[in-house]
Amino acid sequence: LNLEELLFCATLYEDLNEKLRVYKIAEGRYADDYRPSNNVGAVLYMQNKISEAKAKFEKANGIKDNKISKNNLGAVAIVEGDREKAWNLLNQAGSSSETSYNKGVLNIQDGNYGDAVSNLGSDASYNKALAQLLNGNASAAVSTIDNSVDKESAQGYYLKAIAAARQDQLNEVVNNLKSAIAKDGSYKAKALKDMEFASYAANAAFTAIVK
């Protein structure tokens, strides 16, 4: 297989380990092209192997200075908590939807929620819902979560509970907290201390869940 065929072949696998295997074959055979190393890094990033991913993105950008690897290095900088470095890299990475999304994540961290909603694009995601919630649109946040892969995740349910609290919907607060805690028991202690639910501190239905 030539390089283009190998890169396409990797996309046919859903299993990340299989993707990684094919991309590594391409990386070994076509060392003068930045894309295999970048794609190896992308899979490692999805596997939460951040330091290994970073090394691959740096290798890819060393082979050829490119916006895709700089965007990915920006994403790594976000995970590492270096917002200044992340902004610098993302501003060099152009205006792709992936770069805009990463800027949206930084917007949330910087408290620029309106910009975050815009930069996070039209695709439903947890971060988009979070930005909408923080920007004062609780109902939109719920709609976004319900159309995202986090629809039935612990963090998704917890965000919907907060959205319900901001809309004074006790039943939705209780139901979503129950679901969040059933998925991840650590949310019980979190909810008990969360000021988002302070107005429910004396409510029997709420305290029955968190105590």
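The values are calculated or read from the model by the stated rules, or taken from the named source; none is laboratory data. Everything quoted here is computed from the prediction, not taken from an experiment. In this analysis, Cβ positions are derived from the backbone assuming ideal geometry, glycine residues included, and neighbour counts consider all displayed protein chains. Heads up: the accessible areas ignore ligands, DNA and RNA and are worked out on the full protein's heavy atoms, side chains in. Shrake-Rupley method; radii C 1.70, N 1.55, O 1.52, S 1.80 Å.
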### Query
What net charge is computed for the residues neighbouring L120, neighbours being all others with C-beta under 13 Å from the C-beta of L120, Lys and Arg scored +1, Asp and Glu -1?
-1
#### Entry: Partners for K85 among lysines (Cα-Cα distance below 17 Å; same-chain residues under 8 apart left out)
K54, K67, K70, K103
### Message
Among [x] 1.57; [y] 1.07; [z] 1.05, only one was calculated for this model; which label is it, if the read-out is Rg/Rh (Cα atoms, Kirkwood Rh)?
### Response
[y]
### Query
What number comes out for the charge environment of A131, summing +1 per Lys or Arg and -1 per Asp or Glu over other residues with Cβ under 13 Å away?
-1
### Message
Below 19 Å, Cα to Cα, which lysines can K178 reach? Residues fewer than 8 away in the same chain don't count.
### Response
K151, K160, K188, K190, K193, K211
### Query
What are the aspartates and glutamates whose alpha-carbon lies under 20 Å from the alpha-carbon of K128, with same-chain residues fewer than 8 places away excluded?
E98, D110, D115, D146, D150, E152, E196
### Message
Using C-alpha positions alone, give me the convex hull volume of the range 94-211 per residue in cubic angstrom.
### Response
96 Å³
### Message
What is the sum of charges, Lys and Arg at +1 and Asp and Glu at -1, for the other residues whose Cβ falls under 12 Å from the Cβ of K103?
### Response
-2
### Task
Calculate, in nm to one decimal, what L1 and A202 gain on full extension: separation in residues at 0.36 nm each, minus their alpha carbon distance.
65.7 nm
### Query
Using 0.36 nm per residue, how much length does the chain from Q155 to D194 gain when fully extended, once their Cα-Cα distance is taken away?
12.6 nm
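Measure off, as a whole percent, the carbon and sulfur share of the 1.4 Å-probe accessible area of the chain, all protein chains present. Walk me through the numbers before you get to the answer.
On the way: 5180 of 11050 Å².
Answer for the chain: carbon and sulfur cover 47 percent of the accessible area.
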